[in-house]
1. Tell me whether the chain comes out rounded, prolate or oblate; compute the Cα gyration tensor, take square roots of the eigenvalues as a ≥ b ≥ c, and use a/c under 1.5 as the rounded threshold.
2. Which cross-chain or sequence-distant (5 or more) residues have an amide H under 5 Å from the amide H of Val54, H modelled 1.01 Å from N in plane?
3. Using the heavy atoms of the protein chains alone and a 1.4 angstrom probe, what is the accessible area of segment 79-200 per residue in square angstrom?
4. Between the helical axis of 31-46 and the dominant principal axis of the chain, each derived from Cα atoms, what acute angle in degrees is found, rounded to the nearest 10?
5. Roughly how many percent of the accessible protein surface of the chain is carbon and sulfur, given a 1.4 Å probe and a whole-percent answer?
6. Given H placed 1.01 Å from N in the peptide plane, which residues other than close sequence neighbours of Ala66 have an amide H under 5 Å from its amide H?
7. Using a cut-off of 18 Å between alpha-carbon atoms, which aspartates and glutamates can reach Lys134, once sequence neighbours fewer than 8 places away in the same chain are excluded?
8. Got a sec to turn the phi values of segment 250-258 into Karplus ³J(HN,Hα) couplings, 6.51 cos²θ - 1.76 cosθ + 1.60 with θ = phi - 60°, whole Hz, x for Gly and Pro?
Amino acid sequence: MADYETILVETRGPVTLITLNRPQALNALNAQVLADLIAAFAAYDADAEQRCAVLTGSEKAFAAGADIKEMQPMGFARVYGENLFAGWERVTATRKPWIAAVAGFALGGGCELAMMADFIIAADSAKFGQPEIKLGVAPGMGGSQRLTRAVGKAKAMEMCLTGRFMDAAEAERASLVSRVVPAAELIAEALKTAEAIAAMPPLATIANKEMVNAAFETGLGMGIQFERRLFAGLAATEDKAEGMTAFVEKRKGVWQGR
Ligand code: CO8
């Protein structure tokens, strides 16, 4: 397995566990973290044995934001000219599913990174926020768009304009996270969920992810057309034949990924 400077990567059977590991900076996201995550997610996506991933941080912080010290000297020419943050699109291009397991602070870019995941499982200690306004800026890694789509205008606007944090209970009520678990159980719960996903038929897994994501990119009619086409495509897979036969024969399906 490749060596990374700012993250730890381990595999647990078909599940890849990626842990942000810059404790001295509360996992602030600098250029090296981005490079490491791009490489780790690309390796995960390319490995046919790996079927679901979990991204997590520490007990204290999932990630406390983009690295403010790195951004401090950057003016317009660098931010715009170098297209700062565009590299995160390579993380969101991951085709296979991944879960963000969030404990502690998920602020600014940290909240935005969590929202890039297919869904978030939060520890009861989690705190989400977009406090960039206090630095004279605004979300730069998709937060103004993903947070608004997740929690609606009122909460997103209030969080962006005041920088206030949302705790785990509110995040669950607002549908920012799929569920909240005790902090001590966060990793075990996230891995258990990832294992359940990893046991699903591979092509159907990718199709389900693409369908749900299409809801954020298209109108209802086009989205339903997209779903119908992809659904029809799944009907041609061996795993569909196996899945339905296994149900009728009252046994578990055995997936081929074709
Ligand atoms: N960047 C760099 N270093 C950080 C960051 C960060 N985002 N967050 C924490 N750290 C560092 C601290 O500087 C400190 O380092 P040191 O010990 O060397 O001084 C160390 O991590 C520990 O942090 P604290 O001592 O502050 O820990 P506390 O427990 O007292 O406080 C907080 C924890 C509340 C999370 C606090 O650290 C904090 O407020 N952090 C910043 C949160 C924030 O504002 N995040 C948003 C960042 S901006 C962003 O994500 C996108 C901006 C896009 C604009 C781009 C324009 C160029």
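The values are calculated or read from the model by the stated rules, or taken from the named source; none is laboratory data. Quick caveat: nothing in here was measured; it's all calculated off a predicted structure. Methodologically, a virtual Cβ is constructed for each residue, glycine included, from the backbone with ideal geometry; neighbour enumeration extends over all protein chains shown. Side chains included, ligands, DNA and RNA excluded: accessible areas come from the protein's heavy atoms. Shrake-Rupley method; radii C 1.70, N 1.55, O 1.52, S 1.80 Å.
1. Since a/c reaches 1.5 and a/b is larger than b/c, the shape of the chain is classed as prolate.
2. Excluding prolines and chain starts, which carry no amide H, the hits are Thr16, Leu17, Ile18, Ile99.
3. With the other protein chains kept in place, segment 79-200 gives 45 Å² per residue.
4. For helix 31-46, the angle is close to 0 degrees.
5. Roughly 58 percent of what the probe reaches on the chain is carbon or sulfur.
6. When sequence neighbours closer than 5 places are left aside, the close amide H contacts are Leu29, Gly109, Gly110.
7. Leaving aside aspartates and glutamates fewer than 8 places away in the same chain, those within reach of Lys134 are Asp67, Glu70, Glu112, Glu158.
8. In residue order, the calculated couplings are 6, 9, 7, x, 10, 9, 9, x, 8 Hz.
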